[in-house]
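Scroll down for the structure; my scribbles are underneath it.
A short reminder: the numbers here are calculations on the coordinates, not readings from a lab. Bear in mind the structure is a predicted one, so any value in this text is a computation, not a measurement. A quick note on method: Cβ atoms are made from the backbone with ideal geometry, for glycine too, and the neighbour counts reach across all protein chains shown.
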Amino acid sequence: MKLERALSIGDLRRMARRRLPKILFELIESGVEDEYGLEDNRAAFRAYRLMPRYLTGIAARDQTADLFGRRYASPFGIGPTGFAGLLRRDADLHLARAAAAADIPFVLSGASVAPVEAVMRVAPDHAWAHIYPAKDAAITARIVDRLATAGVRHLVLTVDNPVYPKRERDTRNGFVLPLRLRLPILLEALTHPAWIAEYLSGGGMPMMESWRAYAPDGAGPGAVAAFFRSQSPSIQTWATLAALRRVWPGRLIVKGIQHPDDARLAFETGADGIIVSNHGGKSFDPLPSPVETLPAIRAAVGKEAVVMLDSGVRRGWEMLVAKALGADFVWVGRATLYGVVAAGRAGADRAIAMLRSEIDTSLAMVGRARFAEVDPDLLLRTRR
């Protein structure tokens with residue numbers, strides 16, 4: 001399929017699947033254990049219908065969204081996706097450039113291939129950074145200082161992976177860090193010549209520049225990846241968050257919150273915002289969908305607190321559901337990752353454009369001229 005013929009995120013997903021070896025495409029797709037969480041994230045949106053109001057003034061529609069004192073062109077951003085540069089060379093930079101061009105934020109993963117300095121050069125006003133604290137507190141301090149020095153103003157701390165998840169599909173497929181292309185994996189990969197050519201021309205396993213500086217001197221790509229895995233995930237506490245708040249000069253966002261009491265504690269400990277998330281179904285299978293936990297969190301922290309949502313978003317209308325349930329902003333991960341894997345920067349642009357068009361159409365169809373006007377009256381819950 002040619003990129004211009006792709007009509008949906010699902011089309012981009014199919015294009016990405018054709019390009020990637022099975023072991024890497026399923027790295028995107030996989031969840032944990034029995035993978036109920038993946039389906040729950042999608043089904044949670046489908047439990048709602050949108051109640052339209054007609055004969056309203058919708059000729060001019062506005063999907064801008066205010067976040068931390070700044071107005072973005074759309075109510076969503078590109079969330080952190082680790083090892084994107086393994087799936088497509090320069091994927092992090094492509095995503096950052098696409099976000100900047102669309103005037104939406106991009107969060108660089110704490111497990112990125114691209115270094116933060118390079119990302120800040122191409123998207124200085126739109127790039128945020130995400131952190132996986134290391135088991136070694138001294139490394140965490142160095143990471144925080146590096147991000148601040150690079151000019152990052154928004155730091156996203158993930159708290160929902162205290163230990164390594166049981167990712168059974170990845171284990172069955174033989175995915176490990178560093179990547180080892182054993183014969184069966186290599187033979188299947190050879191049926192995806194574009195990816196193989198790019199991988200081999202780039203020298204094989206890409207370097208995790210986000211962690212290179214902290215690994216032993218002279219460590220190659222495989223050793224750096226192994227070092228990252230030895231340091232992350234790490235167990236954090238509220239004291240960890242408080243310590244980070246004391247040293248981080250910019251906005252601090254906590255990602256992975258699900259319980260209303262934790263939401264309150266996050267703000268009391270100094271967070272500027274939270275992202276209600278279950279790690280896209282990649283953390284722990286019995287966790288609820290953020291769509292289900294969002295309303296209670298909003299009620300617990302009040303209407304002025306910055307509450308965002310990720311996990312499972314594939315359509316523009318789903319962002320209206322999230323807004324009606326209490327989200328100020330929405331993050332997508334797999335949706336834009338499919339685009340960049342399928343066609344690089346052009347694919348990332350295409351994914352963003354699709355979502356923006358769907359938001360615009362959705363606003364018109366439900367009789368709302370502005371995304372900011374979306375409220376709970378829009379929702380009809382049809383399933384539980």
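Can you pull out the GluC sites (Glu not before Pro) in the range 196-277 that DSSP calls coil and that have at most 11 other Cβ atoms within 10 Å? Don't skip to the answer; put the middle values down first.
Numbers: sites: GLU198, GLU209, GLU268; in loops: GLU209.
Here no loop site has a sparse enough neighbourhood.
Rank ASP103, ASP328, ASP66 by mean-square fluctuation in a GNM of the chain with C-alpha springs under 10 angstrom and give only the top-ranked residue.
Evaluated over the chain, the most mobile residue of the options is ASP66.
With a 10 Å Cβ neighbour count serving as the proxy for reagent exposure, in which order, fewest first, do THR293, THR336, THR191, THR269 appear?
Sorted ascending by nearby Cβ count, the order is THR191, THR269, THR293, THR336.
Note the listed values [x] 64, 50, 40; [y] 71, 44, 40; [z] 61, 49, 44, then indicate which one is Cα extents along the principal axes in Å calculated from this particular structure.
The value matching this structure is [x].
List every residue whose amide H lies under 5 Å from the amide H of LEU67, counting only residues 5 or more places away in sequence or on a different chain, with H placed 1.01 Å from N in the peptide plane.
TYR72
Just subtract the alpha-carbon distance of ALA239 and ARG14 from 0.36 nm times their residue separation and send over the number in nm, one decimal.
76.6 nm
Can you give the FRET efficiency to the nearest 0.05 for GLU198 and ARG229, using r as the Cβ-Cβ distance and R₀ = 22 Å?
E(calc), rounded to 0.05, equals 0.40.
Using Cα positions and a limit of under 29 Å, work out the lysines in reach of LYS166, with same-chain residues fewer than 8 apart set aside.
LYS22, LYS135, LYS255, LYS282
List, in order, the whole-Hz ³J(HN,Hα) value for each residue of the range 340-351 obtained from phi through the Karplus relation with A = 6.51, B = -1.76, C = 1.60 and θ = phi - 60°; use x for Gly and Pro.
Using θ = phi - 60°, the values come out as 5, 5, 5, 8, x, 4, 4, x, 5, 4, 5, 4 Hz.
Run through the range 1-60 and list the chymotrypsin sites (Phe, Trp or Tyr not before Pro) located in a DSSP loop whose Cβ has at most 14 other Cβ atoms within 10 Å.
TYR54
Could you compute the FRET efficiency for TYR164 and ASP262, with r as their C-beta to C-beta distance and R0 at 25 Å, rounded to 0.05? Write out the running numbers ahead of the final one.
Values: r = 21 Å, r/R0 = 0.85.
The value I calculate is 0.75.
For THR158, list long-range residues whose amide hydrogen, built 1.01 Å from N in the peptide plane, is under 5 Å from its own amide hydrogen.
ILE131, LYS255
Which listed residue (ALA296, ALA138, ALA335) has the Cα farthest towards the positive end of the charge dipole for the range 3-371, taking +1 on Lys and Arg C-beta and -1 on Asp and Glu C-beta about the Cα centre?
Positive-most Cα among the choices belongs to ALA335.
Restricting to DSSP loop positions (anything but H, G, I, E, B) with no more than 10 other Cβ atoms inside 10 Å of their own Cβ, which trypsin sites (Lys or Arg not before Pro) remain in the range 1-104?
Qualifying residues, ordered by number: LYS2.
Assuming R0 = 25 Å, what is the FRET efficiency of ALA372 and ALA59, from their Cβ-Cβ distance, to the nearest 0.05?
Given R0 = 25 Å and the Cβ-Cβ separation, E is 0.90.
If each residue's Cβ is checked for other Cβ atoms within 10 Å, how do ILE235, ILE359 rank with the fewest at the top?
On the way: ILE235 10, ILE359 24.
Going from least to most buried by this count: ILE235, ILE359.
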